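Just so you know, all these numbers are worked out from the coordinates, no wet-lab data involved. This one's a predicted model, so the numbers in the text were calculated from it and none came from an experiment. Here Cβ is always computed from backbone atoms with ideal geometry, including for glycine, and neighbour counts include all displayed protein chains.
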Amino acid sequence: MKKIIIAFLALACSLSGFAQQGTGNRPNGTLPAGEQGAGYHPSSGDLYYGLTRKVMFDRMIPPYGIEVTFDKTVHIIFPAAITYVDLGSSNLVAGKADGVNNVLRLKAAVRDFQAETNFSVITDEGSFYSFNAKYADEPQKLNIEMKDFTHDGEAVNRPNNSLDIYLAELGKESPKLVRLIMKSVYDNDKRLFKHIGSKRFGMQFLLKGIYTYDNFLYLHTQIKNTTNVPYDIDFIRLKIVDKKMAKRTAVQETIVVPVRAHNYVTRVNGNTTERTVFAIEKITIPNGKQLVVDVYEQNGGRHQSFVIQNEDLIRAERINQLKVR
């Protein structure tokens, strides 16, 4: 019996030595490039070399299935502007539709490609979309709308796999939270200021309120058209300028560019009122300067403007995040 046990232990030791000789001290137990013969395969399935932790299904964002073809274009309409698109292979070609920011056009770059591929999209509201794409001679769905009518975007009513994507232009702030704050300001429709605005040519342009949260200010504006002639907006400009300018002095101004706008309108029809909420980076105005907000009419002369002083900015109402969420 002792001889049998000794023989078994010797065989085990020899097998262990053979295994160590095959991998040596190389990381992850992989074979060197020169020894990767025909029988060598990279890890697949649940097999990984080294210390790993399996990704569970509750961490996965389930992809949507999309069919594409060579002779027809698939259009995907997103609820917000597209900021990022990544294609899994050269078998796909995609791009934004001309003149719009939230429509992606997609088609096959080659006919009858066999391997399934994927692509991903990120929108400026901080949403991530994942798709698996395969070739079909006649795709059943050519025009697809990605707006989620089941979940309205509220934090308490979002899909379990929903996670904020942070964008460089908004810094550490969640794009979804910025959108919810603007929507909350718009829906509440409070007028905090009654002294800031302009009124002429049958038009009224006023500031209803200023709100603050973290590193952003939210300006709630209103345009009222009391005439029968529609007011087509060319552009709205925010700038910091000197209060008093001496003659023959070059105009010194700093343009303030909004990072987001809720219900941004380009036309105010006759006898109607429109409101917009702008999100700008937190600012204070130096002594001797003021913030001017201009709205210019396209092919017209009914321009409007109002002035915001530093004391108006520091009176901004604090947003309660719990109420917004």
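Computed log10 I(q)/I(0) for the stretch 261-325 at 0.23 Å⁻¹: -1.18, from the Debye equation with unit scatterers placed on every C-alpha and solvent omitted. Considering only Cα atoms, the convex hull volume of the stretch 58-157 works out to 114 Å³ per residue.
Charged side chains reduced to their Cβ positions (Lys and Arg at +1, Asp and Glu at -1) give the stretch 177-324 a dipole of some 320 debye around its Cα centre. In angstrom, the C-alpha Rg and Dmax of the stretch 177-324 are 15.5, 52. For the pair V307 and Y64, label points projected 7 Å from Cα toward Cβ lie 5.0 nm apart. On the basis of the beta-carbon distance and an R0 of 41 Å, T284 and L51 show a calculated FRET efficiency of 0.20. Averaging the inverse of every distinct alpha carbon separation and then flipping it gives the Kirkwood radius. What is it for the stretch 79-121, in angstrom units? It is 11.3 Å. Charged neighbours of Y186, selected by a Cβ distance under 14 Å, balance to +4 (K, R count +1; D, E count -1).
If only the Cβ of Lys and Arg carry +1 and only the Cβ of Asp and Glu carry -1, the dipole of the stretch 246-308 around its Cα centre is close to 140 debye.
Between R105 and V241, the simple spin-label model (points 7 angstrom out along Cα→Cβ) gives 4.2 nm. For every other residue with a beta carbon closer than 12 angstrom to the beta carbon of I144, add +1 if it is Lys or Arg and -1 if Asp or Glu, then tell me the sum. Result for the neighbourhood of I144: +1. So, in nm, how far is label Q298 from label I77 when the simple model puts each one 7 Å beyond its Cα toward the Cβ? In this crude spin-label approximation the distance works out to 2.1 nm.
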